[in-house]
């Protein structure tokens, strides 16, 4: 078990983390617009005497803490951005920004890492270097890649990088992680179909893009059922169809949009290949033209096996082995921490915040981060540092 003497004063920081968390929740900012959040974070870190760099990935913040003589280095990452959605909660710290909400707990992630930084400055009983990364734009805007492109790991070299996310469907105080694929890739597609419009009473004089649209939507659902090995996993979801403006007019064009998820590189490539083949073949058969934009947004998140085991050991030292699921089922949601794990070894873990039988899910207008977990989240970060960079 971990020597918890280095965590003894951390409970006194819970009110601090709670206040910070709720202040960030009340002032949510979208990706690459986290100016107030980044300034708050940088101010708090500078007050601890840390070396602070701002502006990586537009609004990212990085701070460094050194202790002892070792050059071994690890990086801890929290995300800061909110979502473009209206909050329906009515508590005092609800969002004051119309149409923007912290519905994924990034406010809590930021507060826990700030709490850990504060504790580690007070009790630097480790030997090495810790970089605290506060990342912008995780929600579909690839802020992790933006920070990397701005020289994150050149300016702040690290031997390993670690991420953590709250998980309402996991029992309170439990941890989940797994080796290899943990979160799915995320692709988007837009299919533009150009036909020939006409009168709805005379469809033989038109080339109907609506019919092509309908056949494509149905046909691409066969990819998983007839092309992908059923032991592999993927999702193809059509989420938008745009066409027409009148009941008695066949339109000239139609647009289909959607997303693709997968946990296996071979499946990832196969879905893209078959989707394009089906769209082009269907359009050719129905005498309409098509254009396909297929975009790779986030890669598969792969945990380094040795660090997945390491994280499980750290978590077990805090809550016991019975509360650590070291082969937690992978999720088909996506996470841009995958970019950091493509650049460096490391691990992404889930921290259970479940409240009762029906916990409010992520991305719900009624979601709020569970402040009761702030202590454990910050404790995990501190314990991880002391395990990875043991004092001599």
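The values are calculated or read from the model by the stated rules, or taken from the named source; none is laboratory data. Here the structure is a predicted model, which means the values were calculated and not measured. Note that we place each Cβ from the backbone using ideal geometry, even for glycine, and neighbour counts take in every protein chain shown.
Got a number for residues in region 351-382 being on the phi > 0 side of the Ramachandran plot and modelled with pLDDT under 95?
Here is the first cut: in region 351-382, the ones on the phi > 0 side of the Ramachandran plot are 356, 363.
Within this subset, residues satisfying the condition of being modelled with pLDDT under 95 are 356.
Total meeting the criteria: 1.
Considering each of 331, 285, 383, 388 in turn, give the residue that is closer than 25 Å to residue 260 by Cβ and surrounded by 15 or more Cβ atoms within 10 Å (Cβ to Cβ). First the steps, then the outcome.
On the way: 285 fails: surrounded by 15 or more Cβ atoms within 10 Å (Cβ to Cβ); 383 fails: closer than 25 Å to residue 260 by Cβ; 388 fails: closer than 25 Å to residue 260 by Cβ.
Of 331, 285, 383, 388, the one residue that is closer than 25 Å to residue 260 by Cβ and surrounded by 15 or more Cβ atoms within 10 Å (Cβ to Cβ) is 331.
Please list, ordered by first then second residue, the pairs with beta carbon atoms under 8 Å, 6 or more apart or interchain, first in region 9-23 and outside any helix (DSSP H, G or I), second surrounded by 15 or more Cβ atoms within 10 Å (Cβ to Cβ).
9/119; 9/123
Is it the case, given these coordinates, that residue 109 is part of a loop (DSSP other than H, G, I, E, B), in contact with a helix residue (DSSP H, G or I) (Cβ under 9 Å, 6 or more places away or on another chain) and farther than 17 Å from residue 152 by Cα?
Answer is no for this residue.
Looking only at region 229-243, count every residue that is part of a loop (DSSP other than H, G, I, E, B) and surrounded by 16 or more Cβ atoms within 10 Å (Cβ to Cβ) and tell me the total.
Taking region 229-243 as the starting set, the residues that turn out to be part of a loop (DSSP other than H, G, I, E, B) are 229-233.
From what's left, surrounded by 16 or more Cβ atoms within 10 Å (Cβ to Cβ): 233.
The total comes to 1.
Which of (1) buried (at least 21 other Cβ atoms within 10 Å of the Cβ); (2) touching a strand residue (DSSP E or B) at 6+ places or on another chain (Cβ under 9 Å); (3) assigned by TED's automatic domain parsing to the domain that holds residue 137 does residue 325 not meet, given it meets every other one?
The number of the failed condition is (1).
Can you pull out the residues in region 66-76 that are surrounded by fewer than 24 Cβ atoms within 10 Å (Cβ to Cβ) and touching a strand residue (DSSP E or B) at 6+ places or on another chain (Cβ under 8 Å)?
66, 67, 68, 70, 71, 72, 73, 74
Can residue 63 be described as surrounded by fewer than 18 Cβ atoms within 10 Å (Cβ to Cβ), at pLDDT 95 or above, in contact with a helix residue (DSSP H, G or I) (Cβ under 9 Å, 6 or more places away or on another chain) and not in a helix (DSSP H, G or I)?
The answer is no for residue 63.
Can you tell me which residues in region 278-313 are more than 19 Å from residue 211 (Cβ to Cβ) and part of a helix (DSSP H, G or I)?
Initial filter on region 278-313 (more than 19 Å from residue 211 (Cβ to Cβ)): 293-313.
Result: 305, 306, 307, 308, 309, 310, 311, 312, 313.
So residue 98 passes all but one of these: (1) in contact (Cβ under 8 Å) with a residue 24 or more places away in the chain; (2) outside any helix (DSSP H, G or I); (3) surrounded by fewer than 19 Cβ atoms within 10 Å (Cβ to Cβ). Which condition number does it fail?
With respect to (1) in contact (Cβ under 8 Å) with a residue 24 or more places away in the chain; (2) outside any helix (DSSP H, G or I); (3) surrounded by fewer than 19 Cβ atoms within 10 Å (Cβ to Cβ), residue 98 is out only on (1).
How many residues does region 197-228 hold that are part of a strand (DSSP E or B) and touching a helix residue (DSSP H, G or I) at 6+ places or on another chain (Cβ under 8 Å)?
2
Looking at residue 38, is it under 22 Å from residue 144 (Cα atoms), in contact (Cβ under 8 Å) with a residue 40 or more places away in the chain and part of a helix (DSSP H, G or I)?
Criteria met by residue 38.
With in the same structural domain as residue 128 (by TED's automatic domain parsing), surrounded by fewer than 21 Cβ atoms within 10 Å (Cβ to Cβ), touching a helix residue (DSSP H, G or I) at 6+ places or on another chain (Cβ under 7 Å) and within 26 Å of residue 389 (Cβ to Cβ) as the only criterion, which of 41, 52 stands out?
One residue alone meets the criteria, 52.
Can you confirm whether region 252-275 contains a residue that is part of a helix (DSSP H, G or I), free of Cβ contacts under 8 Å to residues at least 12 places away in the same chain and surrounded by fewer than 17 Cβ atoms within 10 Å (Cβ to Cβ)?
So far as region 252-275 goes, yes, one or more of its residues are part of a helix (DSSP H, G or I), free of Cβ contacts under 8 Å to residues at least 12 places away in the same chain and surrounded by fewer than 17 Cβ atoms within 10 Å (Cβ to Cβ).
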